[in-house]
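Engineer: My structure is below; once you've seen it, I'll send some questions.
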Amino acid sequence: MFVSTLIRVLTMLAYAIPGFLFIKTKAVKQDAIPAFAKLLLYVCSPCLSLYSFSRAEYSTELHGMIWLCFAATMFLLLSVILFFRLVLRKQYDNVAWRVFIVATSLGNVGYFGVPLLEYFLSDYPFATVFSQIFSLSMNIVAWTVGMFVISRDKRFIRPKKLFTVPLVLSMVIAYPMFLLGWHFPPAVEEAIQLLGRMSTPLCMIVLGMRLATVKFTSLITDWRAFLAAGTKMILFPLFAWAVMLLLPVDPYVKASIFLLACCPCASIIQSLSELIGQGQKQAANTVLIATMLCVITIPVMSELFLPLILQ
C-alpha cells in the first residue's frame, strides 16, 4: 500500500510542475495567478461539490452519517484550535503563532480529499460526500473563528461571507438534489464531473505558481511552518481517529474522516491572512511546506493506521 499511495500522491503533486515552470519561464505573469485561483474557486470547486454528491444515493442511514460527520468535524476543528489557543497563550501576540493555531486543523479536504477517498475507498463511491461536509465545516470555522484568531478583532468575523463562498452555494443545490434523488441530465452531469475532477490538477498548478514566487531558502528555514505542517498531518489525524472510534459509525466513515484529516493545510489560511493583512508570509509558507511534506505523511499515515480502521 505504501508504494502505491506514494505514487498516487506524487502524481497529484506533479501537477504543480507546469505552474512552477510557467512563472519561472515567464510564460505566465505573476499577476495572472489570481485569475487561475478564481477559476478554481468559482468554477471547479462548485462542480466538485456537485460531483461528490451525485455519487451518493439517498438513504436514511447515509443521511444520518452526513449530519453526524458534520457535528464530528466541527468538534474536531474547534477543539484543536481552542487547545492550541490555550497552549500558546503566551505567544498569542505573535501573528505567526496565530496563523499556526489556525493551520493545525484547516486542511485541503476538497481538492486533495476527493482523490484520496476515491483511491482508498473505491468500494464506497458515496464517501466523497464526506469531503464536502468536512469542507463545509472548515469554511464555517475559517470565516468566523479562524478570522478572529488571526486578526484578534471581532470586526473581521465574517459569517455573511459564507453565503458568497461557492462551496456553500453549490451545497444549496447539491443537498436538496441528494434528498430528492434528482440528477442532472447525463450531458450536464458529464460536464460537471469533468470540471470537478479538474480541481486537483488546477489546485496544484496554482500552488506551483505560488511556489515559484517564494525564495526557497526562506521557505525551508521556516521551522514554524514545518511544525504546523507536522501537527496538521500527523497529530490532527490521530486525534480525528480517536474521536471517530467513539462514534457508532461504519469503518468506512471513520476511514473517510481519517483520510481527510491527513490532507495538507488548506489555501484558505493564506486567503484569510491576505484579507486581514497579517501573517501572509507565514500562511503561504505553511501551506507550501505542508503540501510538499504530504508526499511523506499521507503514505506513512495510511500505511500505519488505515488497515486498523477498516478491519
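The values are calculated or read from the model by the stated rules, or taken from the named source; none is laboratory data. In this text, all values refer to a predicted model and were calculated from it rather than measured experimentally. Glycine gets a Cβ as well: all are built from the backbone with ideal geometry, and neighbour counts include every protein chain shown.
Engineer: In region 20-63, how many residues are of a type in the set (A, V, I, L, M), in a helix (DSSP H, G or I) and within 30 Å of LYS215 (Cα to Cα)? Break it down into steps so the answer makes sense when it comes.
Structural biologist: So the first thing to find is which residues in region 20-63 are of a type in the set (A, V, I, L, M), and the list is 21, 23, 27-28, 32-33, 35, 37, 39-41, 43, 48, 50, 56, 62.
Narrowing the set further to residues that are in a helix (DSSP H, G or I) leaves 21, 23, 32-33, 35, 37, 39-41, 43, 48, 50, 62.
From what is left, the residues that are within 30 Å of LYS215 (Cα to Cα) are 21, 23, 32-33, 35, 37, 39-41.
Going through region 20-63 one residue at a time, the tally reaches 9.
Engineer: Within region 160-174, does at least one residue satisfy the condition of being at negative phi and either of a type in the set (Lys, Arg) or surrounded by 24 or more Cβ atoms within 10 Å (Cβ to Cβ) (or both)?
Structural biologist: Here is the first cut: in region 160-174, the residues at negative phi are 160-174.
Still in the running and either of a type in the set (Lys, Arg) or surrounded by 24 or more Cβ atoms within 10 Å (Cβ to Cβ) (or both): 160-161.
Yes: region 160-174 contains one or more residues that are at negative phi and either of a type in the set (Lys, Arg) or surrounded by 24 or more Cβ atoms within 10 Å (Cβ to Cβ) (or both).
Engineer: While we're here: What tally of residues in region 20-33 results from selecting those that are surrounded by fewer than 12 Cβ atoms within 10 Å (Cβ to Cβ) and of a type outside the set (A, V, I, L, M)?
Structural biologist: Of the residues in region 20-33, the ones surrounded by fewer than 12 Cβ atoms within 10 Å (Cβ to Cβ) are 25-27, 29, 31.
Still in the running and of a type outside the set (A, V, I, L, M): 25-26, 29, 31.
Qualifying residue count for the region: 4.
Engineer: Right, something else. From the list VAL172, VAL168, which one is out of contact with any helix residue (DSSP H, G or I) (no Cβ under 8 Å at 6 or more places or on another chain) and assigned to a helix (DSSP H, G or I)? Before you say what the answer is, go through the steps one by one.
Structural biologist: Working: VAL168 fails: out of contact with any helix residue (DSSP H, G or I) (no Cβ under 8 Å at 6 or more places or on another chain).
Being out of contact with any helix residue (DSSP H, G or I) (no Cβ under 8 Å at 6 or more places or on another chain) and assigned to a helix (DSSP H, G or I) holds for just one of VAL172, VAL168, which is VAL172.
Engineer: Which of the residues belonging to region 1-12 are in contact with a Ser or Thr (Cβ under 7 Å, 6 or more places away or on another chain) and either part of a helix (DSSP H, G or I) or within 23 Å of ALA212 (Cα to Cα) (or both)?
Structural biologist: Listed by number, the residues that qualify are THR5, MET12.
Engineer: Scan ALA240, ALA290 and give me the residue that is under 18 Å from the mean Cα position of the chain (by Cα), at pLDDT 95 or above and over 30 Å from ARG155 (Cα atoms).
Structural biologist: On the way: ALA290 fails: over 30 Å from ARG155 (Cα atoms).
When all the criteria are applied, what remains is ALA240.
Engineer: Checking the condition within 30 Å of SER4 (Cβ to Cβ) and either assigned to a loop (DSSP other than H, G, I, E, B) or in contact (Cβ under 8 Å) with a residue 12 or more places away in the chain (or both), which residue from PHE130, PHE84 passes? Lay out the reasoning, then the answer.
Structural biologist: Working: PHE84 fails: within 30 Å of SER4 (Cβ to Cβ).
That would be PHE130, the only listed residue that is within 30 Å of SER4 (Cβ to Cβ) and either assigned to a loop (DSSP other than H, G, I, E, B) or in contact (Cβ under 8 Å) with a residue 12 or more places away in the chain (or both).
Engineer: Of all residues in region 180-190, which are free of Cβ contacts under 8 Å to residues at least 40 places away in the same chain and within 24 Å of PHE112 (Cβ to Cβ)?
Structural biologist: Across region 180-190, the qualifying residue is only GLU190.
Engineer: A further question on this structure: Kindly check whether there is at least one residue in region 203-217 that is part of a helix (DSSP H, G or I), under 23 Å from MET12 (Cα atoms) and of a type in the set (Gly, Ala, Ser). First the steps, then the outcome.
Structural biologist: To start, the set of residues in region 203-217 that are part of a helix (DSSP H, G or I) comprises 203-212, 216-217.
Pick out the ones that are also under 23 Å from MET12 (Cα atoms) and you get 203-212, 216.
Next, from what is left, pick out any that are of a type in the set (Gly, Ala, Ser): 208, 212.
Yes, region 203-217 contains at least one residue that is part of a helix (DSSP H, G or I), under 23 Å from MET12 (Cα atoms) and of a type in the set (Gly, Ala, Ser).
Engineer: Go through (1) over 16 Å from the mean Cα position of the chain (by Cα); (2) farther than 15 Å from SER135 by Cβ; (3) hydrophobic (A, V, I, L, M, F, W, C) and name the single condition LEU50 misses.
Structural biologist: Against the list (1) over 16 Å from the mean Cα position of the chain (by Cα); (2) farther than 15 Å from SER135 by Cβ; (3) hydrophobic (A, V, I, L, M, F, W, C), LEU50 comes up short only on (2).
Engineer: Another question about this same structure. Please name all residue pairs, on different chains or six or more residues apart, with Cβ atoms under 9 Å, provided the first residue is in region 223-236 and is under 17 Å from SER302 (Cβ atoms) and the second residue is among the aromatic types (Phe, Trp, Tyr) and in a helix (DSSP H, G or I).
Structural biologist: none
Engineer: Taking the stated definitions as given, is MET233 over 30 Å from ARG152 (Cβ atoms) and in a helix (DSSP H, G or I)? Before the answer, list the steps.
Structural biologist: Values: over 30 Å from ARG152 (Cβ atoms): no; in a helix (DSSP H, G or I): yes.
Criteria not met by MET233.
Engineer: Additional query: Just to check your reading of the model, which residue among MET177, MET204 is in contact (Cβ under 8 Å) with a residue 40 or more places away in the chain and surrounded by fewer than 20 Cβ atoms within 10 Å (Cβ to Cβ)? Full working, then the answer.
Structural biologist: Values: MET204 fails: surrounded by fewer than 20 Cβ atoms within 10 Å (Cβ to Cβ).
Result of the check over MET177, MET204: MET177.
Engineer: While we're here: Taking the stated definitions as given, is THR60 of a type in the set (S, T, N, Q) and in contact with a Lys or Arg (Cβ under 7 Å, 6 or more places away or on another chain)?
Structural biologist: Working: of a type in the set (S, T, N, Q): yes; in contact with a Lys or Arg (Cβ under 7 Å, 6 or more places away or on another chain): no.
Judged against the criteria, THR60 is not a match.
Engineer: Taking SER52 as meeting all but one of (1) without any contact (Cβ under 8 Å) to a residue 12 or more places away in the chain; (2) buried (at least 16 other Cβ atoms within 10 Å of the Cβ); (3) among the small types (Gly, Ala, Ser), write down the number of the exception.
Structural biologist: (1)
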